[in-house]
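J.: Sharing a structure, written as structure tokens. Questions coming.
The values are calculated or read from the model by the stated rules, or taken from the named source; none is laboratory data. Keep in mind that what you see is a predicted model, and the values were worked out from it rather than measured. Cβ coordinates were reconstructed from backbone atoms using ideal geometry, including for glycine residues, and neighbour counts include every protein chain displayed.
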Amino acid sequence: MACKPGTPEQYIQPDEMEDLLVDYYAMRGLAQEESSADSRDYKKALYTEMVFRKHGITKEQFDSSMVYYYSRSERFATIYKHVVERLDRQAVALGASEGEIGKYLSADASGDTANIWVDRTTMALMPLPPRNRYEFDIAIDSTFRKGDKFMLQFMSDYYYQSGSKNGIVVLTASFEGDTTVTRSTYFSSTGLNQLRLEGVRDRQMKRLRGFFYLGASGEPTTTMRLLFLSNIQLIRFHLPDESSNTPKDSIQTDSLERTVDRTPAVIEVTSSRDTVRHSNPTLSIRKGTVKNRVDAGTGESRP
């Protein structure tokens with residue numbers, strides 16, 4: 001009765017596939033918490049084999065079933081929607097994880113360091129519009145301050161038959177006075193990814209938004225290419241209060257202070273044509289009493 005009409009018996013049936021994928025990605029996420037790359041690869045292979053044995057299938061059956069559902073994107077999207085919802089519920093029930101990806105999960109939104117991500121924490125993308133892009137828009141409230149810094153971090157896991165892995169994440173902040181700051185980064189491997197954005201010290205933020213995007217690579221649409229994102233967080237850091245009497249030398253600054261963001265300044269994506277176009281915006285800065293604008297691509301300064 002659990003088998004959906006139209007699914008050949010040689011493939012894993014939809015309900016069983018959903019259960020299997022929940023275990024599969026939960027175990028792969030657990031393996032990612034290992035400290036060394038060799039240990040992560042070993043645990044990933046070990047846990048994957050444990051999942052296959054639990055469900056009584058082989059890797060070949062799993063791969064062929066994934067290809068079958070991938071070529072039927074509507075059914076595949078329904079399965080992954082349920083998988084994502086169940087993984088999110090599990091994450092909430094288990095609480096904060098250990099390691100870099102979990103250390104901000106319990107931070108209160110009103111504190112100096114807080115995880116302000118309220119959207120889904122797990123998602124799957126495939127390079128087929130409209131499922132190749134996921135947009136988000138963060139609500140700005142009274143807890144945001146001038147000069148806040150942000151770090152978007154998440155775990156990525158690719159499941160590809162072939163083709164280049166073209167994951168992109170973009171974060172854009174708009175401020176008073178029509179000032180906009182955009183940061184983006186590419187990621188093509190499994191593991192932890194982080195994107196940092198610094199606010200404008202003397203201007204209040206008006207909007208914070210962005211998107212995840214998976215680009216095509218010239219492969220046939222039937223070639224399975226899947227990007228799974230999990231443990232998505234957006235961490236906000238308040239600047240130290242300048243009115244405080246605490247000596248500057250005693251202030252514990254976050255590692256974000258010492259990180260230089262060298263990612264492309266702006267990325268514009270047109271989903272219908274599956275292209276990525278770079279442009280060089282000007283960023284408003286102030287040196288003394290003279291206001292200049294700096295071209296993000298050339299580094300040239302002009303009034």
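J.: Restricted to region 173-215, and to residues that are closer than 25 Å to residue 37 by Cβ and of a type in the set (Phe, Trp, Tyr), which residue is surrounded by the fewest Cβ atoms within 10 Å (Cβ to Cβ)?
T.: Applying the filter and picking the extreme gives 186.
J.: Report the residue count in region 39-57 for those that are more than 24 Å from the chain's Cα centre (by Cα) and either closer than 24 Å to residue 10 by Cα or surrounded by 16 or more Cβ atoms within 10 Å (Cβ to Cβ) (or both).
T.: Total satisfying the criteria: 9.
J.: Within region 123-135, how many residues are in a loop (DSSP other than H, G, I, E, B) and in contact with a Phe, Trp or Tyr (Cβ under 8 Å, 6 or more places away or on another chain)?
T.: 2
J.: So, residue 33, is that one surrounded by 17 or more Cβ atoms within 10 Å (Cβ to Cβ), in contact with a helix residue (DSSP H, G or I) (Cβ under 6 Å, 6 or more places away or on another chain) and touching a residue at least 24 places away in the same chain (Cβ under 8 Å) or not?
T.: When the stated conditions are applied, residue 33 does not pass them.
J.: Would you confirm, using the coordinates I've provided, whether residue 228 is among the hydrophobic types (A, V, I, L, M, F, W, C), over 30 Å from residue 42 (Cβ atoms) and touching a residue at least 12 places away in the same chain (Cβ under 8 Å)?
T.: It is false that residue 228 is among the hydrophobic types (A, V, I, L, M, F, W, C), over 30 Å from residue 42 (Cβ atoms) and touching a residue at least 12 places away in the same chain (Cβ under 8 Å).
J.: Let me ask another. Does region 29-39 include one or more residues that are assigned to a helix (DSSP H, G or I) and under 30 Å from residue 130 (Cβ atoms)?
T.: yes
J.: Check 118, 22, 84 and return the single one that is surrounded by fewer than 13 Cβ atoms within 10 Å (Cβ to Cβ), modelled with pLDDT of 75 or more and out of contact with any Phe, Trp or Tyr (no Cβ under 7 Å at 6 or more places or on another chain).
T.: 118
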